[in-house]
Amino acid sequence: MKLDENKNLPKIIENSGLALHKTRNLLSITDKILASKRLAVVDDAWLDELIAWADENDIPDYYFDDDNNGYADTWRGLPRNKQAILAMTELNLYGNQLTELPESIGKLTNLTALDLSTGWLTAIPESIGNLTNLTELHLWSNQLTEIPKSIGNLHNLTKLDLNGNDFSKIPQSVSKLINLIYLDFGGWEGTESHPNQLTEIPEFIGKLTNLRWLDLSGNQLTEIPEFIGKLTNLTYLNLYKNQLSELPESIDKLTNLTELYLDRNRLTEIPESIGKLTNLTSLSLDYNQLIDFPESIGKLTNLTALDLSRNQLTEIPEFIGKLTNLTALRFYGNQLTELPESIGKLTNLTDLHLGNNPIKSLPPELSHLNSITKF
C-alpha cells in the first residue's frame with residue numbers, strides 16, 4: 001500500500017464502524033419482530049376469537065372508505081391477518097350495529113382511536129381499560145347506561161363521545177380523564193338513538209379544565225352550576241333542549257367561547273355578564289321565554305349568527321346595529337311590530353328571518369341590506 005493511501009484508513013475504519021452499528025440495530029429490530037411473531041404463534045387464541053367474532057357480526061375485512069358521508073376518509077373493518085391486527089392503531093366499526101364486544105378487544109393495545117358508534121351495545125367490557133394509548137373513543141348512538149370503571153385508566157384520552165345513549169348520570173370514572181378536550185354526553189335525536197337523560201352536572205366536571213368542547217344537549221338539566229366557570233378553555237358549549245330557567249353568573253368566565261347554544265330551554269332572562277363573551281361568533285337562544293335581552297349583547301361584535309326566534313320579544317333595541325359582523329339574524333315567531341333604524345347598518349347580513357311577527361311597516365334603512373338572500 002502506498003503512503004498516500006494510508007490517509008484513507010481512518011475514513012475506512014469510521015465507515016466500517018458505522019456499518020457495524022447499523023447491522024447491530026437491524027439485528028436487534030429483527031429479533032424483536034421475530035419475538036413478536038413467536039408470541040403471536042404461542043398466544044394467538046384471542047386473535048382467533050376476535051376474527052371469529054368479526055365474521056359472526058358481518059364486520060368487513062379492512063378497507064379504505066373514501067366515500068364517508070362527508071366525514072374524513074378512513075380505514076374501516078377488521079383485518080383477517082393476525083399481524084395486521086396487532087399493528088392496527090385505529091379501529092373503526094362505526095355503523096356495524098354491534099350488540100356486544102369480546103373481552104379480547106382489550107388486547108389491541110396499539111390502538112389510539114376506537115369507533116364503535118351507531119350500534120346496539122348495552123355494555124362495554126372492563127378490558128377496554130387496557131387500551132391506555134387511546135386518545136379517541138367514540139361510542140355515540142348505542143344503548144349504554146354505564147361505562148366500566150376501567151375507562152378511568154385511559155389517561156391519554158382527549159376525545160370521548162357518548163352522545164345518544166341511555167345515561168342518567170355522568171359516570172365517576174370520567175373524573176380521571178383529565179386530558180379530555182372533547183366531551184359529548186348530548187342526547188342525539190336520530191331515529192335510532194336513545195337520548196341521554198342527565199339531570200345534573202357532577203362537580204368533577206369543573207376539574208376537567210382542558211375541555212374545549214362540551215355537549216350536554218338534549219338532556220333534563222334544570223340548572224348549570226357555578227363551577228362551569230372553571231372551564232375557561234371552552235370554545236364550544238351546547239346546552240340545547242334542556243330545562244334551564246336561568247344561567248349562572250360565572251358564565252362570564254368562559255371568555256374563549258366562540259359558540260354557545262341555549263335554544264329550546266325555559267330561559268326568561270339573560271345575565272348582563274354575557275357581554276364579556278366577546279369571542280362569541282354564534283349565539284342561539286331560539287325557543288325560550290325571553291321578553292327582552294340585555295344591552296351588553298351589543299358588545300358581542302364578533303357575532304356572525306344570532307338567533308332569538310320563538311321568544312316573546314316585542315322590540316329589537318337600537319344597539320343591534322353594533323353587531324356589524326352578523327351574517328345571520330333571526331327573530332322569527334316573536335311579537336315584533338317594528339324594526340329599529342339601526343338594522344340598516346348590518347350590511348353583511350345574508351340571512352334575515354323575521355317571519356311570523358305582527359310587523360306593520362319596514363324602515364327604509366332596510367334597503368341598505370343588499371346581500372340578503374334569505375328573508
For this session: Sort out which residues of segment 90-115 are modelled with pLDDT of 95 or more, under 21 Å from the mean Cα position of the chain (by Cα) and part of a loop (DSSP other than H, G, I, E, B), and write them in order of number.
Result: LEU93, LEU111, THR112
Exercise. Quick one: would you say ASN238 is within 22 Å of the chain's Cα centre (by Cα) and surrounded by fewer than 16 Cβ atoms within 10 Å (Cβ to Cβ)?
Worked result: no
Exercise. Does GLY164 satisfy the condition of being within 22 Å of ALA123 (Cα to Cα), under 15 Å from the mean Cα position of the chain (by Cα) and modelled with pLDDT under 95?
Worked result: yes
Exercise. Among all residue pairs at least 6 apart or on different chains, which show Cβ distances below 8 Å where the first residue, located in segment 150-162, is over 17 Å from LEU116 (Cβ atoms) and open to solvent by less than 10 Å² (accessible area, probe 1.4 Å) and the second is assigned to a loop (DSSP other than H, G, I, E, B) and at pLDDT 95 or above?
Worked result: GLY152/LEU177
Seminar exercise, completed: Note: among LEU306, LEU362, LEU326, just one is open to solvent by less than 10 Å² (accessible area, probe 1.4 Å) and part of a loop (DSSP other than H, G, I, E, B), namely LEU326
Exercise. Which numbered condition trips up ASN163, out of (1) part of a loop (DSSP other than H, G, I, E, B); (2) of a type in the set (S, T, N, Q); (3) over 26 Å from GLU90 (Cβ atoms)?
Worked result: (3)
Seminar exercise, completed: Taking segment 171-218 and keeping residues hydroxyl-bearing (Ser, Thr, Tyr), open to solvent by less than 70 Å² (accessible area, probe 1.4 Å), at pLDDT 95 or above and in a loop (DSSP other than H, G, I, E, B) leaves THR209, SER217
Exercise. Does segment 81-89 contain at least one residue that is among the hydrophobic types (A, V, I, L, M, F, W, C), part of a helix (DSSP H, G or I) and buried (at least 19 other Cβ atoms within 10 Å of the Cβ)?
Worked result: yes
Problem set entry | Qualifying position, being in contact (Cβ under 8 Å) with a residue 40 or more places away in the chain and under 23 Å from SER361 (Cα atoms), among ASP307, ASP286 | ASP307
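The values are calculated or read from the model by the stated rules, or taken from the named source; none is laboratory data. The structure displayed is predicted, hence computed values, not measured ones. Cβ: placed from backbone, ideal geometry, glycine included. Neighbour counts: every protein chain shown. Keep in mind that these areas ignore ligands, DNA and RNA; they rest on the heavy atoms of the full protein, side chains included. Shrake-Rupley method; radii C 1.70, N 1.55, O 1.52, S 1.80 Å.
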